[in-house]
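Taking it in order: structure first as C-alpha cells, then the write-up.
What follows draws every value from the coordinates through simple rules; no lab data is involved. What you are looking at is a predicted structure, and each value in this text was computed from that prediction instead of being measured. Glycine also receives a Cβ, built like all others from the backbone with ideal geometry; neighbour counts cover every protein chain displayed.
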Amino acid sequence: MTDFPSFPPGFVFGAATASYQIEGAVQEDGRGPSIWDTYSHTPGLVANGDTGDVACDHYHRYPQDVALLRELGVDSYRFSIAWPRIVPEGTGPVNPKGLDFYSRLVDELLAAGIEPAATLYHWDLPQALEDGGGWRVRETAERFAEYAAVVAGHLGDRVPRWITLNEPWCSAFLGYSVGRHAPGAREGRGALAAAHHLLVGHGLAVRALRATGVREVGVTLNLDHNLPATDSPTDRAAVTRADTQHNLVWTEPILAGRYPATEEETWGELITGQDFRRDGDLELISQPLDFLGVNYYRPTVVADAPYRESDPAQRVATDNRYAEVPMPGVRRTAMGWAVAPHTFTALLMGLKERYGDALPPLHITENGSAEDDEVSPDGAVHDSDRVAYLRDHLTALRTAMDAGVDVRGYYVWSLLDNFEWAFGYGKRFGIVRVDYATQRRTPKDSYHWYRSMIAAQRR
Ligand code: IFM
C-alpha cells in the first residue's frame, strides 16, 4: 500500500505496556505493595476510584497477549518489571515467584519470535522504600541498583534491551512536587532531590546492568516540545524555563555530564549547594548509553506566568513561572492533548542539533493517543482518529530520520487499553480494546492498520 511510511531494513517495530497498568494480581505470588497500590486506594486520588488490582489481568492472561503481539507482527515488546514482585520490601529477600513470572513471559515472547525490551522502573516503587523516604533519599537509588542486578542476572541472557527508568520527570515532579502521581507528595521544590536521586539510580543501574553483560542499555525520557504562546521576549523566556525544567534537567546530566546551564536563573539559589549532590555523581549519571528512549505525545505551548506558591499547578517543577496554554487550530485527543505531528520531527531534530554526536541512537519507546472509542454494532472499534495519529507521527518520525536523526525503533503506546494512572480506566490508549468486565480483547482498526504497516515494510 502506498500510504504507509517506509522505514529502513532492521528498523524495530514494537508495542509497549507497563506492569501496574496491565498486570493486576497485586497480592499474588508474594508481590509486595507499591506506592501506586497505596495511592490508588486513597479515596479521591484516581478517577472513579479505579485501582490496578485487576487491570487487564495480564498476569494470568499473558499468553493471550503475546499471541496478539505475534499476530501483530512486532519485532519487539516493551514491558516493565514490577520491582515489588521481585523485592517485595524494596530491600532484602528476593521473591523467586516474581522472577518466574517474567521468565515465563520472556520465554513466551522468544518462542513467538519477539525480542523482549524490559523497563526496570515504570513507577511502581515498593511502598516500604517510600516509607523510608522514597526518591527523596539516596538509599532508594542504591536499592534500585541492587534490584537491577538481580533482574538482569536472571533475565539478561534472554532480554537484549534494557531501560533503567521510564519518564523520571513524572516520578519526580508529578510524584513529589504536585502530588498528581504516587506517592502524592506536594513538596514543590523538594522534588529536586527526587529528580537527582532518580538520576543517580539510573547511573547505578547502568553500572549494574553493564556488569551482567547485557546487550543494550538506555533510559526513557518524556521530552516536551515547548513553543511560545506569542513571539514576546517574556514568552520566549518561558519556553527556556520550560525546556530546562522538563527536558534539560535530564538530558544535560545524562548526555552531557553537566547540570542545565540556566538552572541558576530558573531555580535560583535553591539548587546550588544542595547537599544531595555528591562529587562523582555527574560521571555516574553520564555513562555512555546504547540508546536514548524518547516518549512523545504532544507539543506544549507556554506563556510567561507569575510564580504562585499557593497554586499547586504552578509548582510542577520548582519555580517554573510558565503556564501551558491551548494550541489553537488542532484536534485534541481524549486526554485534551494537541495533535501536531510536525512538532515530533522538530523535537527530534532539536535533540540532534543540541547534542550532535553525543546523542545515542534513539528508540521511540512510546507514542500513541487516547480516544473516545466506541464499539460498533459489528463488534469492531473503528478508531480512525488513532489510525491517523499513528500514521502521521510515523511519517513525522521518518522525516526526522531523513534529516539525519538516527532512530532505530518505534513502540506504539499501548498494546492494550489499561490503567491510565490518575485517570483510571476512562482513558483508552490501546490498539486492542479491553472490556474490563469480561477481560475480552478486541483488536481495533489501529491494530489492523499497524499490522499492515509492519507487513508492508517486509515486502
Ligand atoms: O500511560 C502513560 C505511560 O505509563 C507513560 N507515558 C505516557 C502514557 C500515556 O499517558
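Please give the direction-averaged projected area of the C-alpha convex hull for region 95-251, in square nanometres with one decimal.
10.8
Mind ordering 147-153, 213-219 by average Cβ neighbours within 10 Å, highest first? Provide the component values of the computation, followed by the final result.
Values: 147-153: 22.1, 213-219: 20.0.
The peptides rank, most packed first, as 147-153, 213-219.
Please give the calculated 222 nm ellipticity per residue for the chain, where each DSSP H segment of at least 4 residues contributes -39500 (n - 2.57) and the sum is spread over every residue; nearest 500 deg cm²/dmol? Walk me through the intermediate numbers first.
Details: 14 runs with 157 residues, N = 459.
Mean residue ellipticity at 222 nm (helix-derived): -10500 deg cm²/dmol.
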Next on the checklist: Show me the helices of the chain, taken as full DSSP H stretches, that run 24 Å or more along their long axis by Cα and average 0.0 or above in Kyte-Doolittle hydropathy.
Outcome noted: 191-212
Checklist entry - If we sort 191-199, 93-101 on the protection proxy, mean other Cβ atoms within 10 Å, highest first, what's the order? => result 191-199, 93-101
Checklist entry - Can you give the alpha-carbon Rg of region 320-361 over 2.2 N^0.38 Å, where N counts its residues? => result 1.55
Next on the checklist: Loop only by DSSP, 14 or fewer other Cβ within 10 Å of the Cβ. Give me the trypsin sites (Lys or Arg not before Pro) in region 390-420 that pass, ordered by residue number.
Outcome noted: none
Checklist entry - Per 10 Å bin, what percent of the C-alpha pairs of region 374-459 does each bin hold, from zero upward? => result 15, 43, 29, 12, 1
Checklist outcome for this item: With the dipole of the chain defined by +1 on each Lys or Arg Cβ and -1 on each Asp or Glu Cβ, the option from I86, P126, A455 whose Cα lies farthest towards the positive pole is A455
Next on the checklist: Can you give me the distance in nm between label points at H448 and H41, each placed 7 Å from the Cα along the Cα-to-Cβ direction?
Outcome noted: 4.2
Checklist entry - Taking 0.36 nm per intervening residue step and subtracting the Cα-Cα distance, what contour gain separates E142 from D3 on full extension? => result 45.2 nm
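With N set to the residue count of region 317-412, report its C-alpha Rg divided by 2.2 N^0.38 Å to two decimal places.
Numbers: Rg = 16.3 Å, N = 96, 2.2 N^0.38 = 12.5 Å.
Relative to the rule-of-thumb radius for its length, region 317-412 sits at 1.31.
Once Rh is set to the Kirkwood radius over Cα pairs, what Stokes-Einstein translational diffusion coefficient, in µm²/s, holds for region 1-124 at a temperature of 20 °C and a viscosity of 1.002 mPa s?
Working: Rh = 15.8 Å.
My calculation gives 136 µm²/s for D.
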Checklist entry - Points 7 angstrom from Cα along the Cβ direction at R278 and N48: gap in nanometres? => result 4.5
Checklist entry - How much of the calculated P(r) for the chain lies past 28 Å, in percent of all Cα pairs? => result 48
Checklist entry - Taking every eigenvalue of the Cα gyration tensor of region 116-169, multiplying by 5 and rooting it, what semi-axes result, largest first, whole Å? => result 22, 12, 8
Item to check | Tail fraction, Cα-Cα pairs, region 59-137, threshold 21 Å, whole percent | outcome: 37
Item to check | FRET efficiency, 1/(1 + (r/R0)^6) with R0 60 Å, evaluated for F423 and D231 via beta carbons | outcome: 0.95
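Please list 294-300, 283-289 highest first by mean number of surrounding beta-carbon atoms within 10 Å per residue. Please report the intermediate quantities before stating the final value.
On the way: 294-300: 21.1, 283-289: 16.6.
Most protected by this proxy first, the peptides run 294-300, 283-289.
Let's see if you can work this out: charge +1 on each Lys and Arg Cβ, -1 on each Asp and Glu Cβ, no other charges. What is the dipole magnitude of the chain about its Cα centre, in debye to the nearest 20? Show your work: numbers first, answer last.
Working: 44 positive and 62 negative charges, 140 e Å.
The calculated dipole for the chain is roughly 680 debye.
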Checklist entry - At what distance in nm do the modelled label points of L110 and E28 sit from each other, each positioned 7 Å from its Cα along Cα→Cβ? => result 2.3
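Express in nm, to one decimal, how much length is gained between H60 and D406 on full extension, taking 0.36 nm for each residue of separation and deducting their alpha carbon distance. Intermediate values should be presented prior to the final figure.
Values: separation 346, 0.36 × 346 = 124.56 nm, distance 3.76 nm.
The span from H60 to D406 would gain 120.8 nm if fully extended.
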